[in-house]
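A.B. asks: Structure incoming, see below.
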Amino acid sequence: MSEPLLALTGIGKQFGGLSALTDVSLHINAGEIYGLIGPNGAGKTTLFNVVTGLYQASSGEFRFNGRRFQTGAPHLLAQAGIARTFQNIRLFANLTALENVLIGRHARTRAGVFGALFKNRATRDEERASIARARQLLDYVGISKPHQTLAKNLSYGEQRRLEIARALATEPLLLALDEPAAGMNATETESLKVLLQAIRSTGVTVMLIEHDVKLIMGLCDRVAVLDYGRKIAEGTPDDVRNNPGVIAAYIGAESE
Amino acid sequence: MEIFFQQIINGLVQGSVYALVALGYTMVYGILGLINFAHGEVVMVGAMLALSALTALIGWGVPPLLALPVSLLLAMAGCMLLGFGIERIAYRPLRHAPRLAPLITAIGVSIVLQNLAMMIWGREYHAFPQLINNQSHHVGGAIINDIQIIIIIMAFVIMAGLMLIVHRTSLGRAMRAVAENQHAAQLMGVDVNRVISVTFMLGSALAAIAGLMVSANYGLAHYYMGFLLGLKAFTAAVLGGIGNLRGAMLGGLLLGLIESLGAGYIGDLTGGFLGSQYQDVFAFFVLIAVLVFRPSGLLGERLAERA
Amino acid sequence: MKKYNFSTQHVLNGLLLVSVLLLPFLTDALLGRGWVRIVDFAMLYIMLALGLNIVVGYAGLLDLGYIAFFAVGAYCYALTGSPHLALAFPLLFPDGLHLSFWIVLPLAAVLAGGFGVLLGAPTLRLRGDYLAIVTLGFGEIIRIFMNNLNAPVNFTNGPQGISRIDPISVAGVSLNSTQQVMGITLPSVHLYFYLFLAFTMLVVFVSSRLEKSRIGRAWMAIREDEIAASAMGINTRNLKLLAFAMGAMFGGVSGTLFAGFQGFVSPESFSLMESIMVLCMVVLGGMGHIYGVILGGLLLALLPEVLRHSVVPLQQALFGKTLIDPESLRMLLFGVALIVVMLYRPAGLWPSRVRRRELESDEAAR
Amino acid sequence: ACGKSANDQAAGELVVRIGAVAPLTGPQAHLGKDNENGTRMAIDDANAKGITIGGKKVHFELISEDDQADPKTATIVAQKLVDNKVAGVIGHLNSGTTIPAAKIYSDNAIPQISPSATAVSYTQQGFKTAFRVMANDAQQGRALGEYAVKNLGAVKIAIIDDRTAYGQGLADEFIKAARAAGAQIVAHEYTSDKSVDFTAVLTAVKGRQPDLLFYGGMDAQGGPMARQIKALALNVRLMMGDGGYTPEFVKLAGDAAEGAYASLPGVPLDKMPGGKDFSDRFVAKYQPIQLYAPYCYDAVNVMIAAMQKADSIDPAKYMPALASLSHQGVTANIQFDGNGDLKGGAVTLYQVKQGKWQVLETVGAEK
Amino acid sequence: MNKLLEISGLEVGYGGIHAVKGIDFHIGQGELVALIGSNGAGKTTTLKALAGLIAPAGGEIIYDGSVLNAVPAHQRVSMGIALVPEGRGVFARLTVAENLLMGAYSRCDQAQINEDLARMYALFPRLVERRDQLAGTLSGGEQQMLAMARALMSRPRLLMLDEPSMGLAPLMVKKIFETIREVAAQGMSILLVEQNARLALQVSSRSYVMEGGSIALSGVSADLLGSDAVQRAYLGA
Ligand SMILES: Nc1ncnc2c1ncn2[C@@H]1O[C@H](COP(=O)(O)OP(=O)(O)OP(=O)(O)O)[C@@H](O)[C@H]1O
Ligand SMILES: Nc1ncnc2c1ncn2[C@@H]1O[C@H](COP(=O)(O)OP(=O)(O)OP(=O)(O)O)[C@@H](O)[C@H]1O
Ligand SMILES: [Mg+2]
Ligand SMILES: [Mg+2]
């Protein structure tokens, strides 16, 4: 069997005295949609932050696409192929939707000061290609008039989708989404689900945090459950749904 | 050893002066996130007002021990009015403007105040009358006088008073709430404008006290005195962690000590290579070193930004 | 907003260019030669403001010590283009070094850029006002060293400053003298005007190319949200350092020109107040917007002089006599102008597209 | 540009413009205004006298400018004065502004007389147009240094300078002279021209137990410094240059001023013919003399005397006259050497006694 | 049932953007009304206008018989209007207890404030444990509880909730909705904005559906829950 795309071993993260993550190990195979659930404050976002280099793990290490990572260097991880969205949307609020996605192209383009000043052939070609790709992505997630609309004036759902487009612009191998359906209604969530399936079908692996149990169960190949910073369950959606520990900590019994 | 002890005292006095002014900076910064560049100028106006009032009162034959508090109160009232006006005219309309816009108006206010003061009080230096018998005390070979003792005590008392207001009263809670989220504060029934005005007035009253203290200690007042003082106090506030009252106090005292020990010993430390002309360099190096290791100052909030 | 067709655009540009080229003559004829000198200085400030604009406007890093790079450039040429080094190293340079301006200029730019990186490196983790105070400190440190490095070895001549700096020459022609070109008399200030104009245009060109490039976009991303930017694969450390370095280089170039033009440099010219003024130019004009910044630079460089010429006549006209000291009134009005402009145009006089939008929606949301 | 004014008035009156430059805003504004007043009084006097040059009655007109003590602004106002076709300039106040401005006056062949810039390099730039009616740092520093050692018997001397062109220049010359006279410099400390707290450096000085402290700087710092010397029970005599010889110093220092020394180039005002009269009239008209007003007064008069001697207001004509003139002013008998420096200027030493500056003695600084 | 709040022709805009385009609705005394709609429909904007955070461009807000349009936000609190804003808006650097006291800022009846504090702690036992903790360090669900308790501390007559379930784990959502029911049962009028339309329709008695700044549908919640249009547009069936 080939090596998993992402493999975490014994990740721990402390904030002062607080242990947000304790000894978390898991792996994600290429092409999977992998769900991460757990109560509020369980450490899901923290785990994302470790994997995307925004936090440095207090202990443990992870391998991504055959390389070992330990230090927090977000741009290196982005270049290596991990892209993410944020739980509290972090778009470049005062830039247009198109500019937002173009910035996502940064990791995959080269032009430096020389190119900027002299606008040589290579630079112009690269720029043209970037814009074309960005428009394609915006189309894909369904945002119209991207060169006129400021990111912050988009509606909530559009902002979430723009974040996805921006992340896809980095040509990731692994797309990490932190609660993409928060604030969406059931119908909107449904179309998000279709979008994510389409993304997966292009070969991108997806890692997903959600509180919408229905979405997770309908979309993911495998699901891990965190509670108080520890992984308390992992498996297919059905396994997890019926796990008594998960019911107690997260879903709650129907009768309650 | 005597010399060293004296330098410590020098640093404490100077530092308390910085702290007095830094507290005012930090008050306003804490609530609005705005560097009130004009604060140094308000200190200057405080000193000038106090001086004018004092001169007039003494001229009318009021005994010094009465004239002093009365003129302090007058200066405080004047500065509060001034602070209120500055906020109303120059800052409030820009509350939702880009972040640097109020910085520029603050600079504008500072220039205006300086030149107004020059028109009103003239270009010359004013000597501060020696009213009370400023006794010197010998402590372990070092010397400290009454005014200096008062300054040190005053800085601590004011810090304690402010902490009491900010952390123990409903007004203080409202201030902190406004500082964090003005919309949410409004939803609690807080009149945001009023709270901000009160903060400015409080800060300006402090400035008046600082102004009087400073000019009594150095025996002079001048329309330009606010600039450097403001700058140093601002540095002190940042060193301690801007927005934090205890930080302002600590930063002020530390900056004073660094300066006096720097001026006194930098030559010995560098084997005579650098002298007291580099005391500010020394101070800034310490500042940079502190900020490199603690990017939000000594006591500043270190709520790492949540990603 | 309005779309001109190409020919109109060209005609407008042509007209602008011609009027700029004629500017020194018009100014000289209408207002006097002093004004040409003022305009020369204004151009130095515009270069400075455009340099600072890269740091503050594009990358969003508040720099209060920017004048230090101007100082580095100025002292570079002052040391190498004057008899001064004879004092420090009489054996090595009995008459001083007297390097050509055109050799010093690139060196000064690179050195200033190096200082930019030096300043940037320890401040990478700092934000907003903490960065402001550290850069302020850095500016002061540079000034203090310039002010004191006259002993033990006399590098900078300390507070006395360095005088007798060689004038700049272009193609062997010293700009310090009046020249005749095709029957037109060009006094020194005019010659410097054209030199400065060329450099200003270069700086504008570099700025605008950078702004509309991958690098410029990355700077804006950092300005908007550093964490999100780094998650997009932007090496925030390198790009911030690049912003500091580019900004510093502009400052260095401007400083070198200043030294040649003025013939004298002393630490007084590099005080904190100067840094603040340049910042005011950037913000007042319109942060992040090249034309806005140029306008800001021009305005703040000219305003004190305009006021100098107008407060007395104005008072005479209003009251029939000079009631208030013209000098205090002048600075007072200057301060008032800063306040009023910001109150009425919080995003600057001529804001960039982005800033304007930002403000509009912020205002709506109160 | 020639010095002739375009608008000769109807009565055949010749208008001669004289520029005056000093910082009128900023921390030194009080000195700048004093300079302006001194210049203005000389011009008013000249106009009252009714001077004729080249057969025409002359009306002098003052054009006062503010250079903000900033070198760049200084060149701008210099150019402005040139544009305004002034016949001569009295200024600037600081060395840092006088030096770059001198180049512009020289380029336009307009004589410049600084009343107060003391940096040696001002007159060493090779400009024929640059003059001063004030002893330079070398002359004054030498006089002070020698006096401190020879007359006051100082052996261990401490120095504080304010790191301005003036303070540093004067202190360095003082050190040279004091060392040459056999004294030992036990401490050299520094402050700035904006500071008010000197306790740290004074404490450092105290550790070296000097018997005399020389401060190179201005009254605004000297005053509080004297106070702090007293407060720290530092047992030294305080000595300053001309920057300390002001009523302001006495006012700011309070009773701590007692016994302080300062110098002033030239002979005491009331010993000079017309000196007492000048100071009385000046005080009546404006306010107590801050510092350089008499020098400004002299500078204008020297300039006018040169015009009269050459019988021309054209700078090209009267400049040679200026260079070779001998004029009895209220501060000294003014004569310029080849550089434009004051020839053999005397320096007078003063001491504060009973809250007033009193003359100690005048030392002729030959050479 | 008499109307506590009545809105007619309300229009709100941001600069050029017309977010709410003339809507009418009312809330009766003690009624629990839901406002649902897709992203960007203008729900939050409506609540902000009611709370006084943004000035309406047209229309009238009548609360308890008096016109509210010109009353500043902070005075509306003492009139009995409380909003739990989108994203909770707790004061992160104040403790839990201080946050609650902020809720009672406009009241001066110290004894009753203490009484209410005790009630809140009884209602949300989780907050008792965290009384002296900084609010910023609470988990999302705890913050939501705090925000609600804080709003209740002003003793509102009209409580407005903006997406109280957003970002909360399922267990937490249940808890919050239980609390909403409890509070409603005590007779408070509630205006609930929710993306989880099913839940909202289940707890409320009447509902309005917003679309593109206007009210598209309204009626008894149970009816809407069964309506095809609502099912398709909001319940994802
Ligand atoms: N920068 C930080 N500083 C201090 N504590 C933090 C920081 N980031 C996270 N924590 C703490 O770590 C714990 C886990 O937080 P995390 O954001 O990972 O939770 P989560 O599982 O994403 O929850 P939610 O579903 O509410 O988003 C929480 O207790 C949180 O307060
Ligand atoms: N500050 C603002 N500036 C400009 N437009 C805004 C602003 N806030 C909201 N809008 C716009 O107003 C419209 C209504 O937004 P509102 O937040 O009221 O929607 P909502 O119904 O609450 O949506 P959601 O369910 O996503 O929270 C949207 O088109 C939005 O883009
Ligand atoms: Mg999370
Ligand atoms: Mg909403």
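A.B. asks: Within region D:66-84, work out how many residues are closer than 21 Å to residue D:31 by Cα and in a helix (DSSP H, G or I).
C.D. replies: Going through region D:66-84 one residue at a time, the tally reaches 9.
A.B. asks: Does residue A:216 qualify as being under 16 Å from the mean Cα position of the chain (by Cα), modelled with pLDDT of 90 or more, within 14 Å of chain E (Cβ to nearest Cβ) and part of a helix (DSSP H, G or I)?
C.D. replies: Yes: the conditions hold for residue A:216.
A.B. asks: Follow-up question, since we're still on this one. Only one of (1) more than 14 Å from chain B (Cβ to nearest Cβ); (2) over 21 Å from the mean Cα position of the chain (by Cα); (3) in contact (Cβ under 8 Å) with a residue 60 or more places away in the chain; (4) assigned to a helix (DSSP H, G or I) fails for residue C:86. Which number is that?
C.D. replies: Of (1) more than 14 Å from chain B (Cβ to nearest Cβ); (2) over 21 Å from the mean Cα position of the chain (by Cα); (3) in contact (Cβ under 8 Å) with a residue 60 or more places away in the chain; (4) assigned to a helix (DSSP H, G or I), only one is false for residue C:86: (3).
A.B. asks: All but one of (1) surrounded by 24 or more Cβ atoms within 10 Å (Cβ to Cβ); (2) touching a Phe, Trp or Tyr at 6+ places or on another chain (Cβ under 6 Å) hold for residue A:181; state the number of the condition that does not hold.
C.D. replies: (2)
A.B. asks: Of the conditions (1) more than 17 Å from the chain's Cα centre (by Cα); (2) within 14 Å of another protein chain (Cβ to nearest Cβ), residue B:37 clears all except one; give me its number.
C.D. replies: Checking residue B:37 against (1) more than 17 Å from the chain's Cα centre (by Cα); (2) within 14 Å of another protein chain (Cβ to nearest Cβ), the one that fails is (1).
A.B. asks: Determine whether region B:55-76 contains at least one residue that is closer than 24 Å to residue C:334 by Cβ, in contact (Cβ under 8 Å) with a residue 12 or more places away in the chain and either touching a strand residue (DSSP E or B) at 6+ places or on another chain (Cβ under 6 Å) or buried (at least 24 other Cβ atoms within 10 Å of the Cβ) (or both).
C.D. replies: No: zero hits.
A.B. asks: Moving to a separate point now. Going through E:96, E:71, E:67 one at a time, which residue ends up being touching a helix residue (DSSP H, G or I) at 6+ places or on another chain (Cβ under 9 Å) and at negative phi?
C.D. replies: E:96
A.B. asks: For residue A:171, are the conditions met, namely being away from ligand 4 (no atom under 16 Å from the Cβ) and either in contact with a Pro (Cβ under 9 Å, 6 or more places away or on another chain) or facing another protein chain (nearest Cβ under 9 Å) (or both)?
C.D. replies: no
A.B. asks: What are the residue pairs meeting all of these: first residue in region E:81-106, first residue within 8 Å of chain B (Cβ to nearest Cβ), second residue acidic (Asp, Glu) and within 16 Å of ligand 4 (Cβ to nearest atom), Cβ atoms under 8 Å, and 6 or more apart or on different chains?
C.D. replies: E:83/E:162; E:85/E:162
A.B. asks: Can you name the residue in region E:82-93 that is more than 12 Å from residue E:143 (Cα to Cα) and at pLDDT 90 or above and is also nearest to ligand 2 (Cβ to nearest atom) among such residues?
C.D. replies: Only one residue fits best here, namely E:83.
A.B. asks: Could you grab me the full set of residues in region D:116-137 that are part of a loop (DSSP other than H, G, I, E, B) and farther than 19 Å from residue C:158 by Cβ?
C.D. replies: D:116, D:126, D:127, D:128, D:129, D:133, D:134, D:135
A.B. asks: Also, quick follow-up: I'm checking my understanding of the structure. Among residues of region B:214-224 that are assigned to a helix (DSSP H, G or I) and among the hydroxyl-bearing types (Ser, Thr, Tyr), which one is farthest from the other protein chains (Cβ to nearest Cβ)?
C.D. replies: Among them, the one singled out is B:215.
A.B. asks: While we're on this one: Which condition number in (1) within 16 Å of ligand 3 (Cβ to nearest atom); (2) surrounded by fewer than 18 Cβ atoms within 10 Å (Cβ to Cβ) is the one that residue E:88 fails?
C.D. replies: (2)
A.B. asks: I'd like to know if region C:30-47 contains one or more residues that are without any contact (Cβ under 8 Å) to a residue 40 or more places away in the chain, under 20 Å from residue C:180 (Cβ atoms) and part of a helix (DSSP H, G or I).
C.D. replies: no
A.B. asks: Among the listed residues A:26, A:102, which satisfies the condition of being away from ligand 4 (no atom under 16 Å from the Cβ) and assigned to a strand (DSSP E or B)?
C.D. replies: Exactly one of A:26, A:102 is away from ligand 4 (no atom under 16 Å from the Cβ) and assigned to a strand (DSSP E or B), namely A:26.
A.B. asks: Applying the selection to region A:33-47, what residues are more than 6 Å from ligand 1 (Cβ to nearest atom), more than 8 Å from every other protein chain (Cβ to nearest Cβ) and not hydrophobic (A, V, I, L, M, F, W, C)?
C.D. replies: Of everything in region A:33-47, those that are more than 6 Å from ligand 1 (Cβ to nearest atom), more than 8 Å from every other protein chain (Cβ to nearest Cβ) and not hydrophobic (A, V, I, L, M, F, W, C) turn out to be A:34, A:35.
A.B. asks: Condition first: among the polar types (S, T, N, Q) and under 14 Å from the mean Cα position of the chain (by Cα). Can you find one or more residues in region A:171-194 that meet it?
C.D. replies: Checking region A:171-194: not a single residue is among the polar types (S, T, N, Q) and under 14 Å from the mean Cα position of the chain (by Cα).
A.B. asks: How about region C:272-366: which helices (runs of 4 or more DSSP H) wholly inside it have at least 2 residues that are facing chain B (nearest Cβ under 9 Å) and either at pLDDT 90 or above or under 12 Å from residue B:104 (Cβ atoms) (or both)?
C.D. replies: Correct list: C:272-285, C:326-344.
A.B. asks: Collect the residues in region A:63-84 that are of a type outside the set (A, V, I, L, M) and at the interface with chain C (Cβ under 9 Å from one of its Cβ atoms), keeping them in residue-number order.
C.D. replies: Correct list: A:74, A:75, A:79, A:84.
A.B. asks: Please count how many residues of region D:122-154 are surrounded by fewer than 22 Cβ atoms within 10 Å (Cβ to Cβ) and within 12 Å of chain C (Cβ to nearest Cβ).
C.D. replies: The total comes to 4.
A.B. asks: Out of curiosity, is residue A:89 modelled with pLDDT under 90 and within 16 Å of ligand 1 (Cβ to nearest atom)?
C.D. replies: Judged against the criteria, residue A:89 is a match.
A.B. asks: Moving to a separate point now. Six or more apart or on different chains, Cβ atoms under 6 Å: show the pairs whose first residue is in region E:175-197 and within 11 Å of chain A (Cβ to nearest Cβ) and whose second is of a type in the set (Gly, Ala, Ser) and assigned to a loop (DSSP other than H, G, I, E, B).
C.D. replies: What qualifies is E:195/A:183; E:196/E:165.
A.B. asks: Could you please find all residues in region E:24-39 being buried (at least 21 other Cβ atoms within 10 Å of the Cβ) and within 14 Å of ligand 2 (Cβ to nearest atom)?
C.D. replies: Within region E:24-39, E:34, E:35, E:36, E:37, E:38 qualify.
A.B. asks: Given the options E:163, E:211, name the one that is closer than 30 Å to residue A:191 by Cα and within 11 Å of another protein chain (Cβ to nearest Cβ).
C.D. replies: E:163
A.B. asks: Another question about this same structure. Cβ-Cβ under 6 Å, sequence separation 6+ or interchain: first residue in region C:145-159 and over 16 Å from residue B:279 (Cβ atoms) and of a type in the set (Asp, Glu), partner surrounded by fewer than 19 Cβ atoms within 10 Å (Cβ to Cβ) and at pLDDT 90 or above. Which pairs?
C.D. replies: none
A.B. asks: While we're here: With the condition kept exactly as written, say whether any residue in region A:96-116 is surrounded by 22 or more Cβ atoms within 10 Å (Cβ to Cβ) and within 16 Å of ligand 1 (Cβ to nearest atom).
C.D. replies: Within region A:96-116, not a single residue is surrounded by 22 or more Cβ atoms within 10 Å (Cβ to Cβ) and within 16 Å of ligand 1 (Cβ to nearest atom).
To keep it simple, each residue is scored yes or no on (1) facing chain C (nearest Cβ under 8 Å); (2) at pLDDT 90 or above.
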position: D:17; (1), (2): no, yes
position: D:25; (1), (2): yes, no
position: D:32; (1), (2): no, yes
position: D:46; (1), (2): no, yes
position: D:75; (1), (2): yes, yes
position: D:89; (1), (2): no, yes
position: D:92; (1), (2): no, yes
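A.B. asks: If residue E:168 satisfies all but one of (1) at pLDDT below 90; (2) within 19 Å of the chain's Cα centre (by Cα); (3) more than 16 Å from ligand 3 (Cβ to nearest atom), what's the number of the condition it fails?
C.D. replies: (3)
A.B. asks: Related question: Here are E:60, E:86, E:31, E:6: which of them is within 16 Å of ligand 1 (Cβ to nearest atom) and touching a strand residue (DSSP E or B) at 6+ places or on another chain (Cβ under 7 Å)?
C.D. replies: E:86
A.B. asks: Now a separate question. Yes or no: residue E:92 within 16 Å of ligand 1 (Cβ to nearest atom) and outside any helix (DSSP H, G or I)?
C.D. replies: Spelling it out, residue E:92 is indeed within 16 Å of ligand 1 (Cβ to nearest atom) and outside any helix (DSSP H, G or I).
The values are calculated or read from the model by the stated rules, or taken from the named source; none is laboratory data. This structure is a prediction, so every number in the text was calculated from the model and none was measured. Every residue, glycine as well, gets a Cβ built from its backbone with ideal geometry; the counts of neighbours run over all protein chains shown.
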